[in-house]
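Okay, so here's the structure we're looking at.
The values are calculated or read from the model by the stated rules, or taken from the named source; none is laboratory data. Keep in mind that this is a model prediction, so the values were computed, not measured. Here the Cβ positions follow ideal geometry from the backbone for every residue, glycine too, while neighbour counts run over all protein chains shown.
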Amino acid sequence: MCQMLAMNCNSSASINFSFAGFSARGGQTGEHADGWGIAFHERTGCRVFIDDGRASDSALADFVRSYPIKSKSVLAHIRKATQGAVTLSNCHPFQREWLGQHWVFCHNGDLKNYHPNLRGNYLPVGTTDSEKAFCWILQELRSAFKGACPPSWKQLAPVLAGLSRRIARHGTFNFLLSNGEAMYAHCSTNLSWVSRQHPFQTARLIDCDMTLDLRQANSESDRMVLVATEPLTADEPWDSFAPGELKVFVEGAQVWSSTSLPPQPTKPMKPVKAARAVPPKPVTVRASLGAPA
């Protein structure tokens, strides 16, 4: 199946180091050679690169590995096709607009007999089960939150957890979703995460002969979280998600997990309607030099 990588941090940082190890799995140290993509949320928009070739030797991937694009939220994906042809339209991350924000999504897994009722607000361009799931999620969120302002992550997280459980009945549904402010990560089978903050250590990649002294690259106020299908480094304390768990990360820290919720009913649930969409409170971020991840 595919593999995924994400970064969420409290100060804009580059992901060159982590992406170097991750992209090697796209045809060199791994068999995920059916396309790749990466999305960077920036202050004025979202920069997305996709390619239907191998990430390990792609000229575009080489540009991403060497050019320090700074972002607080990054999603990346390397594909091993299970549904849909090897084409650009089937490369992750997928991107859609909702309530004036760029939402990006990538998926690892295989959904069997998955044919959601898509009513036209969001329709897939390609032929993957992944893009169908993304379109259905946004469709249901749009139905649940009727206001003109985006819901806060506190409002959205429990609704998204319920939608994720419904889709996961069809098979393996590991996914990453972000609007640039919060990152949502759901695990069906394999997903791991690591927190990086002061005091920083040295990180050594598993797939490349590369190390990075995080103490030299970060200030004391920097904080970030990396999420990956499989750990990228050999000497950091990666933690595994629980099967069926949805986590939310904001400003480089975990802020919510569905494991703290009471047991949910197993029967199909209707989308939960929010009483009123409340705009998120502004967050003050201290200035930082920005750090490679």
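Listed here are the strands (runs of 3 or more DSSP E) enclosed by the stretch 192-249 that have at least 3 residues being touching a residue at least 40 places away in the same chain (Cβ under 8 Å) and out of contact with any Leu (no Cβ under 9 Å at 6 or more places or on another chain): 223-228. The listed residues are P150, P124, and the only one of them that is over 26 Å from S257 (Cβ atoms) and in contact with a Leu (Cβ under 9 Å, 6 or more places away or on another chain) turns out to be P124.
Filtering the stretch 84-98 to residues that are surrounded by 17 or more Cβ atoms within 10 Å (Cβ to Cβ) and over 18 Å from the mean Cα position of the chain (by Cα) leaves only G84. Just so you know, in the stretch 4-16 the residues that are of a type outside the set (G, A, S) and crowded, with 23+ Cβ neighbours inside 10 Å include one that is nearest to L60 (Cα to Cα), and it is I15. Residues in the stretch 202-230 that are surrounded by 18 or more Cβ atoms within 10 Å (Cβ to Cβ), of a type outside the set (A, V, I, L, M), farther than 28 Å from L156 by Cβ and at pLDDT 95 or above: D207 only. Of the residues contained in the stretch 131-140, one or more are found to be over 25 Å from F22 (Cβ atoms), in a helix (DSSP H, G or I), among the aliphatic types (A, V, I, L, M) and in contact with a strand residue (DSSP E or B) (Cβ under 8 Å, 6 or more places away or on another chain). Quick one: is L5 without any contact (Cβ under 8 Å) to a residue 12 or more places away in the chain and closer than 21 Å to P292 by Cα? It is false that L5 is without any contact (Cβ under 8 Å) to a residue 12 or more places away in the chain and closer than 21 Å to P292 by Cα.
Selection within the stretch 41-78: residues that are touching a helix residue (DSSP H, G or I) at 6+ places or on another chain (Cβ under 7 Å) and of a type in the set (D, E, K, R). The member of this set that is nearest to E97 (Cα to Cα) is D51. Only one entry of P150, P199 meets the criterion of being at negative phi, at pLDDT below 95 and crowded, with 17+ Cβ neighbours inside 10 Å, and that entry is P150. Comparison of I69, I78, I50 shows that the only residue that is surrounded by 15 or more Cβ atoms within 10 Å (Cβ to Cβ), more than 21 Å from D209 (Cβ to Cβ), β-branched (V, I, T) and touching a Cys at 6+ places or on another chain (Cβ under 7 Å) is I50.
Please verify whether N16 is out of contact with any helix residue (DSSP H, G or I) (no Cβ under 8 Å at 6 or more places or on another chain), at pLDDT 95 or above and not hydrophobic (A, V, I, L, M, F, W, C), treating the condition exactly as stated. In short, no.
Let's see how each residue does on (1) of a type in the set (G, A, S); (2) at pLDDT below 95:
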{"residue": "C2", "(1), (2)": "no, yes"}
{"residue": "N8", "(1), (2)": "no, no"}
{"residue": "A61", "(1), (2)": "yes, no"}
{"residue": "I78", "(1), (2)": "no, no"}
{"residue": "L111", "(1), (2)": "no, no"}
{"residue": "H115", "(1), (2)": "no, no"}
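If you take the residues in the stretch 250-259 that are of a type outside the set (V, I, T) and outside any strand (DSSP E or B), which one is modelled with the lowest pLDDT? The qualifying residue modelled with the lowest pLDDT is S258.
The set of residues in the stretch 146-183 being of a type outside the set (S, T, Y) and part of a loop (DSSP other than H, G, I, E, B) consists of K146, G147, A148, C149, P150, P151, R169, H170, F173, N179, G180, E181.
To keep it simple, each residue is scored yes or no on (1) of a type in the set (S, T, Y); (2) touching a helix residue (DSSP H, G or I) at 6+ places or on another chain (Cβ under 6 Å); (3) modelled with pLDDT of 95 or more; (4) surrounded by fewer than 22 Cβ atoms within 10 Å (Cβ to Cβ).
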| site | (1), (2), (3), (4) |
| --- | --- |
| N108 | no, no, yes, no |
| G126 | no, yes, yes, yes |
| A144 | no, yes, yes, yes |
| Q155 | no, no, yes, yes |
| P158 | no, no, yes, yes |
| A168 | no, no, yes, yes |
